[in-house]
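Q: Mind having a look at this structure? Questions to follow.
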Amino acid sequence: MRDRRLLSAESLDRIEAAVADAEKATSCEFVVVIAPASSRYEGRAMAAGAAAAVIVFVALYWINDLWLDVAPDALLLMLEGAAAGLITALVFSRVRAARRLIIPRWRMDAAVDDAANATFTEENVSLTKQRNACLLYVSVLEGRVRLMPDIGMQRTLNGAALGEVLATLQNAQTGDATTLVCDAIKKLGQACKDCFPYHAEDTNELPDRPQIRMP
């Protein structure tokens, strides 16, 4: 789920079409929210930069003093250490692969959980008439997915069906991420159609278009 193509206009169009098709078979509503990341993790990048600055300062001091037998220039060493720290912080804040190296799994899981819970409320997932909407939250940086059904769906739908859809997304290591999301939505629609069949008077209570949530 770390494929940034999920955020492209083409991917959003495909997912929107998948949601619309799935909702033709059921009165359930499916909300898809895609986040580039669930948190900015700013403190982690700053900590890495500070550590790099200290390491460079100490390393250059000892190189000058012990190996080169040259009196270290404290001001120059501070500037070089600060430059190294700034570059390191920028790399860890801008490069996704590097940022994941300094963020513990528990921290990413907590950030995704917090963001998904906030999104559930902000996207009005609990405001449908039958309380049968479901949020599919995808966080690209962390490669995490959360499937959050409202209380009406929880009480009626077999939990194993939801678990199967979630497991398919969480365990996917290869394949096009957009296709995986579209297939998951299709499976959700099929799983819900018997418990919540579509009726002619049903209205589209929540938007089909995937929402982009910035951290």
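Q: Rank Glu23, Glu201, Glu42 by mean-square fluctuation in a GNM of the chain with C-alpha springs under 10 angstrom and give only the top-ranked residue.
A: Glu201
Q: Apply the Karplus curve 6.51 cos²θ - 1.76 cosθ + 1.60, θ = phi - 60°, to the phi angles in region 39-53 and return the couplings in whole Hz, x for Gly and Pro.
A: 7, 7, 6, 4, x, 5, 5, 5, 5, 5, x, 5, 4, 5, 4
Q: Something else about it: How would you classify region 42-101 from its alpha-carbon gyration tensor, with a ≥ b ≥ c the square roots of the eigenvalues: rounded for a/c under 1.5, else prolate if a/b is greater than b/c, otherwise oblate?
A: prolate
Q: Can you list residues from other chains, or at least 5 along the same chain, whose modelled amide H is less than 5 Å from the amide H of Val32?
A: Correct list: Leu136, Gln211.
Q: What ranking do Val125, Val56, Val138 get, fewest neighbouring Cβ atoms within 10 angstrom at the top?
A: Val56, Val125, Val138
Q: How large is ³J(HN,Hα), in whole Hz, for each residue of region 32-38 in order, when computed from phi with the Karplus curve 6.51 cos²θ - 1.76 cosθ + 1.60 and θ = phi - 60°, using x for Gly and Pro?
A: In residue order, the calculated couplings are 10, 10, 10, 10, x, 7, 8 Hz.
Q: With P(r) over Cα pairs in 5 Å bins from 0, in percent as the read-out, I listed (i) 1, 7, 13, 15, 15, 11, 8, 6, 5, 5, 4, 3, 3, 2, 1, 0, 0, 0; (ii) 1, 7, 14, 19, 22, 18, 12, 6, 2, 0; (iii) 1, 6, 13, 17, 18, 17, 12, 8, 5, 2, 1, 0; which label goes with the value calculated from this structure?
A: Among (i) 1, 7, 13, 15, 15, 11, 8, 6, 5, 5, 4, 3, 3, 2, 1, 0, 0, 0; (ii) 1, 7, 14, 19, 22, 18, 12, 6, 2, 0; (iii) 1, 6, 13, 17, 18, 17, 12, 8, 5, 2, 1, 0, the one calculated here is (i).
Q: So what is the calculated 222 nm ellipticity per residue for the chain, using -39500 (n - 2.57) for each DSSP H run with n of 4 or more, over all residues, to the nearest 500 deg cm²/dmol?
A: -17000 deg cm²/dmol
Q: Using Cβ-Cβ distances only, list the Cys residues of the chain with no partner cysteine under 4.7 Å, sorted by number.
A: Cysteines lacking a close Cβ partner in the chain: Cys134, Cys182, Cys195.
Q: Once amide H atoms are placed 1.01 Å from N in the peptide plane, what residues at a sequence separation of 5 or more from Tyr198, or on another chain, have their amide H within under 5 Å of its amide H?
A: Thr26, Ser27
Any read-out appearing in this document is the output of simple, stated calculations on the displayed coordinates, not a laboratory observation. Everything numeric in this text was worked out from a predicted model, so none of it was measured. Positions of Cβ are generated from backbone atoms using ideal geometry, with glycine treated the same way; all protein chains shown enter the neighbour counts.
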